[in-house]
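Have a look at the structure below before the remarks.
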Amino acid sequence: MSDTQPHATTHPELEQALRMSRIAIEATQPVLEEGRFAAKAVIGQPVVVSSRVFADGHDQLAAAVCWRQKGDEGWRRAPLKRVDHGRDIWQGQFTATQVATHEFRIEAWWDVYESYRYELSKKHAAGVPVGLELTEGRLLVERAVQRAQGETRAVLDDLLHRLDSAHLDDERVSVLLAHETAAAMAAADPREHCSASPIYPLEVERPLAQFASWYELFPRSETDDPNRHGTLRDVHKRLPAIRDMGFDVLYFPPIHPIGRAHRKGPNNSLQAGPNDPGSPYAIGSEDGGHDAIHPQLGTLEDFRELVAAAAEHGLEIALDFAIQCSQDHPWLKEHPGWFSWRPDGTIRYAENPPKKYQDIVNVDFYAEDAMPDLWLALRDVVWHWVEQGVKIFRVDNPHTKPLPFWEWLIADIRARDPDVMFLSEAFTRPAMMARLGKVGFNQSYTYFTWRNAKAELSEYLTELNEHPLRDCYRPNFFVNTPDINPFFLQESGRAGFLIRAALATMGSGLWGMYSGFELCESAAIAGKEEYLDSEKYQIRVRDYHAPGNIIAEIAQLNRIRRQNPALQTHLGFKPYLAWNDNILYFGKRTADLSNFVLVAVSLDPHNAQEAHFELPLWELGLPDDAHTQGEDLMNGHRWTWYGKTQWMRIEPWHLPFGIWRFSAGVSDPDLK
């Protein structure tokens, strides 16, 4: 074991100290682990950057954020402003215009002219003679002219002329203190003692990485007869309905050939009948592996046609990337060294206690024969589907595979096509879920599925808005999955489904649902969060027009999201006071306050709930007795609110939530 201290302090020698920067740049954000990982951003949206910048003495400083696409030579710059003098916090923003890896850094320097302006303004205001200071000011402008070029030089030449033609000191002071003079001098600033922070990475992604609605279905169930296997061509007829509900992403569980060895029967039984389709997660048969399509679903050409048809409806196809094999997978014969074998020649099946998966086996990433061939083969599987038009992958249980593998694979794929995105399906410890975001996953499943009470929902949504999660972890609020039939939905009826839909759609820019949710399907295996007659093991025929469905409400929730930018991200959540523990009341707003939405969700699916609540008038800079405008975004009703404290009643048999656009405005006597 080494005796080296990993954080031992080293002190500079004199020659080093003489060359060291006098300006400190600290606590820069958004930065993950000192730049080890890239923070996340979205093309066309401002990246807010902050840093603590200070130096010795009283001279004024200036700072800027510099950014560029990785690989470019030149930097672009935007100014930072000191927003907190007491803590020396500077802030600014820039907007990336390419989906690609970017990098940024902070620069800070002595602002000689601003220091001069500060001193001149104080002395002049105090009535102190400033003749010498005016001479100094003219010399500063004169030197700046020699450095400047183009329009800046022309402005400074004009300033010199105005200084020379002025007859009174007050006129010269006015010229030297003018904002346009400061701007021209800043443009010609030599940036003395300029210091730079380290360079930090930033992953700029397309808007769908932050704002999207996912719909999951099994293509084999797109049939009107449980004895007839659905096909990819059958999915075409569902596309208009999925589009009309407002979804952007249509996600399929694995569509590959399914093994027969140890095939599961209905309800995860160990014995399958001759016509039982098996679990699609038991990937691989004599018909092929991860790069093939189950023959009963159709052909590769059928798949490409479906991708194109979905695009015509504004939908992207997402595929499941599940790194596991049935015992019939071709790889077991072609590459036995990619797997771990027992001494008796058998292979261990997969387990996730208490669940057992006798029909699948896992690869061994660090087996001698697997490095690097297995890694490359899995990368090639992903790229194969990218070449078929797939740009989104939902990854099954990534937390059970090596982090270095994911960091390499995602970077490799996105270097070829930066539009490709990965959703992490990892329900595990928080540190691992965050780490998966850091190594490159664009989105993640979350604990939302199990957050039902007001306090835990508020706490969780707040946590997702705080550093470091806000910079590395984009939550996708799935309300159900084929694996998860939440206890809340099993006993809450139609109102419960509406409650969870409202929480998901309003709480995050990303949400998803597995088909059947719109029909309020909830039949469960007793005592478990598992669906009775699970679609993972059998074909399930549905009547999407069945009475009691919530299709119209889902469509309206997605419409509201599209029309209100404040709802297109999980960021910006802020809980407000509602005096009832059964009502979660919160707001979301854009930075410029042009879009402000208030949401009140009753967490009780059975009983009416009432509460007094506060309108956040202070957020709009309004007094407690101000009047504001409200609009119910579910039905279009509008009214005027008077004062800060209001009252609500939510009846779950009508609608268990309210979504209101909130704004200041002139009172309209017709609005009640």
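The values are calculated or read from the model by the stated rules, or taken from the named source; none is laboratory data. Everything quoted here is computed from the prediction, not taken from an experiment. We place every Cβ from the backbone using ideal geometry, glycine too, and count neighbours over all the protein chains shown. Each accessible area value is taken on the protein alone, full model and side chains, heavy atoms only, with ligands, DNA and RNA left out. Shrake-Rupley method; radii C 1.70, N 1.55, O 1.52, S 1.80 Å.
Among the residues of the stretch 396-411, is any in contact with a Ser or Thr (Cβ under 8 Å, 6 or more places away or on another chain), modelled with pLDDT of 95 or more, closer than 23 Å to Pro207 by Cβ and aliphatic (A, V, I, L, M)? No, because not a single residue in the stretch 396-411 is in contact with a Ser or Thr (Cβ under 8 Å, 6 or more places away or on another chain), modelled with pLDDT of 95 or more, closer than 23 Å to Pro207 by Cβ and aliphatic (A, V, I, L, M). For the stretch 181-193, a residue qualifies if it is in contact with a helix residue (DSSP H, G or I) (Cβ under 8 Å, 6 or more places away or on another chain), open to solvent by 30 Å² or more (accessible area, probe 1.4 Å) and part of a helix (DSSP H, G or I), and the qualifying residues are Ala186, Ala187.
In the stretch 310-368, which residue that is of a type in the set (Val, Ile, Thr) and either surrounded by fewer than 16 Cβ atoms within 10 Å (Cβ to Cβ) or assigned to a helix (DSSP H, G or I) (or both) is nearest to the chain's Cα centre (by Cα)? It comes out as Ile347.
Inspection of the stretch 413-427 finds no residue satisfying the criterion of being surrounded by fewer than 17 Cβ atoms within 10 Å (Cβ to Cβ), touching a helix residue (DSSP H, G or I) at 6+ places or on another chain (Cβ under 6 Å), over 21 Å from Gln210 (Cβ atoms) and not β-branched (Val, Ile, Thr). Restricting attention to the stretch 482-497 and to residues that are open to solvent by less than 10 Å² (accessible area, probe 1.4 Å) and among the polar types (S, T, N, Q), the residue that is nearest to Glu203 (Cα to Cα) turns out to be Asn485.
Please find, within the stretch 20-39, the residue that is nearest to Ala187 (Cα to Cα) out of those that are open to solvent by less than 30 Å² (accessible area, probe 1.4 Å) and in a strand (DSSP E or B). Applying the filter and picking the extreme gives Ile23. The single residue among Arg474, Arg500 that is touching a Lys or Arg at 6+ places or on another chain (Cβ under 9 Å), open to solvent by less than 30 Å² (accessible area, probe 1.4 Å), basic (Lys, Arg) and at pLDDT 95 or above turns out to be Arg474. Only a single item in (1) open to solvent by 30 Å² or more (accessible area, probe 1.4 Å); (2) not in a loop (DSSP other than H, G, I, E, B) is not met by Ser51, and it is number (1). Of the residues making up the stretch 404-416, not a single one is part of a loop (DSSP other than H, G, I, E, B) and in contact (Cβ under 8 Å) with a residue 12 or more places away in the chain.
Where strands (runs of 3 or more DSSP E) sit wholly within the stretch 549-658, those with at least 3 residues that are open to solvent by 20 Å² or more (accessible area, probe 1.4 Å) occupy 609-614, 627-632, 638-642, 645-650. Those strands (runs of 3 or more DSSP E) of the stretch 194-295 in which 3 or more residues are under 30 Å from Arg52 (Cβ atoms) occupy 200-205.
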